Amino acid sequence: MTAAEAFATLVQRPSVPLDEAAALISSVVRPPVEVEGVLHELDRLAVGCATATLAGVRDLLFVREQFRGNTLQYSDPENSLLDAVLDRKKGIPITLAIVMIEVGRRVGLELLPVSMPGHFLVLEPASSTFCDPFAGGKTLDERGCRALHDQVFGGRRTLQTHELLPVSVPLVLARVLNNLEQSAWATLPDMMQRLLQLHAALPSLPPGEYLALATRFAGIGHFGDAARAAERCVERLDGAERLVAQRAAAQYWARTN
């Protein structure tokens, strides 16, 4: 079974292991990254955690191991690959969050992913405390999250309450892939194809995301894949939006002839 096939199978599980799925993205993007090696590095980090608390995980990762946000090369696509983040000890909010969540899980601490627009946070549900892994593990309350959001967007949008709720593992993976699909690697058709096929394997994405996938597939000339992506959201839409998706699928099918 290829890494891409393993990913497609894994994400259909009722409970998707975030660490393994993220490691498989690395394996597909740049073989021969070994999934087991990535998981073992997370195991090694967890062994060094002094206490099974948010403070313990923060101290381990951001003080002793010195993980940090890659502020100088934020757009480097390697920041979205779990193996590279573990190796270089720097990344972007979402991949640093994955490291936090998975180290926490290994020591018995529940940490959850929060896909806040413009940033990515970790939530400890037991204390209702948010954590910003990109800022050295800084802790935040809801007011602090809103201030961070407003700083990112400069007041151009309002943070909605539901945008601070935890999200599913497939939605975390979708955001990782979306970042890669908008990186410098997007100019490489073969790489883009691999990324899009992983993305399309994810279940239960929002309708708009399937339409965006369809557009990206069409951009590299994969019109059959584009049509199938558009069709996946038709049954979840109504009225004018449903017609738009149906017409898009039909146009993509027509281009396969």
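The values are calculated or read from the model by the stated rules, or taken from the named source; none is laboratory data. Being a predicted model, the structure only gives us computed values, none of them experimental. Neighbour counts run over all protein chains shown; Cβ positions are idealised from the backbone, glycine included.
Structure notes:
- Residue in region 211-257 that is surrounded by the fewest Cβ atoms within 10 Å (Cβ to Cβ), counting only those that are polar (S, T, N, Q) and closer than 22 Å to residue 194 by Cα: 256
- Answer residue from region 40-80, given it is touching a helix residue (DSSP H, G or I) at 6+ places or on another chain (Cβ under 6 Å), assigned to a helix (DSSP H, G or I) and hydrophobic (A, V, I, L, M, F, W, C) and is surrounded by the most Cβ atoms within 10 Å (Cβ to Cβ) among those: 57
- Residue within region 37-58 that is free of Cβ contacts under 8 Å to residues at least 40 places away in the same chain and within 28 Å of residue 192 (Cα to Cα) present: yes
- Residues of region 169-194 classified as in contact (Cβ under 8 Å) with a residue 40 or more places away in the chain and either in the same structural domain as residue 94 (by TED's automatic domain parsing) or not hydroxyl-bearing (Ser, Thr, Tyr) (or both), total: 14
- Residue within region 195-203 that is crowded, with 18+ Cβ neighbours inside 10 Å, farther than 23 Å from residue 14 by Cα and touching a residue at least 40 places away in the same chain (Cβ under 8 Å) present: no
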